[in-house]
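Working notes, structure below.
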Amino acid sequence: MDLRRQKKLREDYLATLWEMHAGNYGADVDNKELCRRIGIDYDTEGTIIAQPLYGEELIKWTSFERVFLLPKGRPEAERIVEQRYAAKETLVLKKIYELSGQNTTKIVGFHELVPATGMTDREVSGVCKGLEEQGFIEWPGGDYVNITSAGIHAIESLGQPPPKAGGDTYHMKIGTVHGAVQQGSGNVQNVNITVTNNPEFDQAIAGLLQLIQASRSPDDEIEELKDEVVKLNRLALSEPKPGLLEKAKARIDLMKVSFEGAKLLVQAAPYLHTAWEYFKAKHS
């Protein structure tokens with residue numbers, strides 16, 4: 001079995017096990033049924049995939065036929081499930097963006113959206129509910145949707161085609177950030193940033209920091225992302241001068257790459273867009 005397939009099946013195994021638990025981690029599930037759901041042979045590939053997970057203390061079995069997630073395996077399984085959902089979310093929003101012609105008044109019917117995504121009607125409906133909660137679309141009826149300005153900005157801020165369904169994209173709801181970011185302690189993990197005279201920019205900085213801190217990224221990756229946000233904040237405090245706008249664009253483009261690598265770009269995109277609009281207005 002090649003490494004790429006093994007990695008995918010490993011993720012399939014953990015994600016499917018998490019789904020079969022349905023929140024009841026005290027009960028084990030049928031390992032044969034789990035293997036059947038992910039399309040592998042119980043006696044061959046099932047063993048190849050499950051044994052390393054057992055060795056890493058992510059899963060355990062009472063007998064090999066009955067398996068359950070250990071506490072160490074639950075956050076890893078949840079991360080995979082969230083990433084896969086977010087990838088579907090990105091795909092659906094991108095298709096709505098394309099089918100609407102970037103027009104917030106043009107309706108997109110489910111009859112054209114569902115086949116465009118390659119997903120089921122039920123899957124698309126579930127994703128649209130999440131997109132509406134984040135303000136990326138309006139869903140006034142069960143049969144059609146409208147993209148919002150925030151949804152358009154989210155896709156356009158990506159700067160490149162979003163990942164396809166099944167890829168690794170972490171999912172995080174965007175909440176409203178109240179008030180400006182404070183300097184010194186009291187903010188996210190005591191990150192030292194300074195408020196500007198622009199509340200929208202300050203809230204965008206706060207939103208980025210909250211998004212990073214709430215992610216399941218490794219600690220070193222979290223620190224690197226927060227450092228980039230701090231650098232963007234410092235750049236915003238600079239006096240307007242030739243070349244500064246270009247420097248801001250380069251900084252934001254670099255941050256897009258970093259957030260893409262951390263599987264957070266879809267959620268970070270509106271905040272980065274707000275930051276870019278601030279720099280354009282300040283240095284125009």
### Query
So which residue, out of Q83, Q51, Q267, gets the largest mean-square fluctuation from a GNM of the chain using Cα contacts under 10 Å as springs?
Q51
#### Entry: Excluding exposed DSSP-loop GluC sites (Glu not before Pro) (at most 16 other C-beta within 10 Å), longest clean stretch of the chain
66-284
### Square roots of five times the Cα gyration tensor eigenvalues for segment 234-284, Å
22, 11, 7
### Under-5 Å amide H pairs with Y144, H placed in peptide plane, nonlocal only
F110
### Query
Once the Cα atoms of helix 265-283 and of the chain are each reduced to a long axis, what angle between those two axes, in degrees from 0 to 90 to the nearest 10, is obtained?
10 degrees
### Summary
With x for Gly and Pro, the residue-by-residue ³J(HN,Hα) of segment 122-129, computed from phi through the Karplus equation 6.51 cos²θ - 1.76 cosθ + 1.60 at θ = phi - 60° and given in whole Hz, is 5, 4, 5, 4, x, 5, 4, 4
### Task
Calculate, axis by axis, the spread of Cα positions in segment 49-164 along the three principal axes, and write the results as whole Å, longest axis first.
56, 28, 22
### Message
Strictly greater than 30 Å: what percent of every Cα pair in the chain meets that?
### Response
42 percent
### Message
Run the numbers for A281 and W139: contour at 0.36 nm per residue of separation, minus the present Cα-Cα distance, in nm.
### Response
47.9 nm
#### Entry: Distance histogram in 5 Å bins (all Cα pairs of segment 1-86, percent per bin)
3, 16, 29, 30, 17, 5, 1
### Query
For the chain, with the dipole built from +1 on Lys and Arg beta-carbon atoms and -1 on Asp and Glu ones, taken about the Cα centre, which of G135, S63, P270 lies farthest toward the positive end?
P270
## Note on the structure
Around G126 (Cβ within 12 Å, Cβ-to-Cβ, excluding G126; K/R +1, D/E -1) the net charge comes to -2
#### Entry: Residue-by-residue Karplus 3J(HN,Hα) for segment 222-235, coefficients 6.51, -1.76, 1.60, Hz, glycine and proline x
4, 5, 5, 5, 5, 4, 5, 5, 4, 5, 5, 4, 5, 5
### Query
What is the Cα centroid distance between segment 192-238 and segment 251-284, reported in whole angstrom?
11 Å
### Query
Given L53, A22, S100, which one lies farthest toward the positive end of the charge dipole of segment 1-100, if we put +1 on the Cβ of every Lys and Arg and -1 on the Cβ of every Asp and Glu?
S100
## Note on the structure
Amide H proximity to R66 below 5 Å, modelled H, separation 5+ or other chain, gives N31
#### Entry: the chain - mean residue ellipticity at 222 nm from DSSP helices (-39,500 (n - 2.57) per run, n ≥ 4, rounded to 500)
-19000 deg cm²/dmol
### Query
So what is the orientation-averaged projected area of segment 191-284, using the convex hull of its C-alpha atoms, in nm²?
5.4 nm²
### Candidates per trypsin sites (Lys or Arg not before Pro) in segment 38-74, loop by DSSP, up to 15 other Cβ within 10 Å
K72
### Gaussian network model of the chain, Cα within-10 Å springs - most flexible of K226, K249, K241
K241
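Read the figures in this text as sums done on the coordinates, not as results from a lab. This is a predicted model, so every value here is computed, not measured. Quick reminder, even Gly has a Cβ in these numbers, built from the backbone with ideal geometry, and neighbours come from all protein chains shown.
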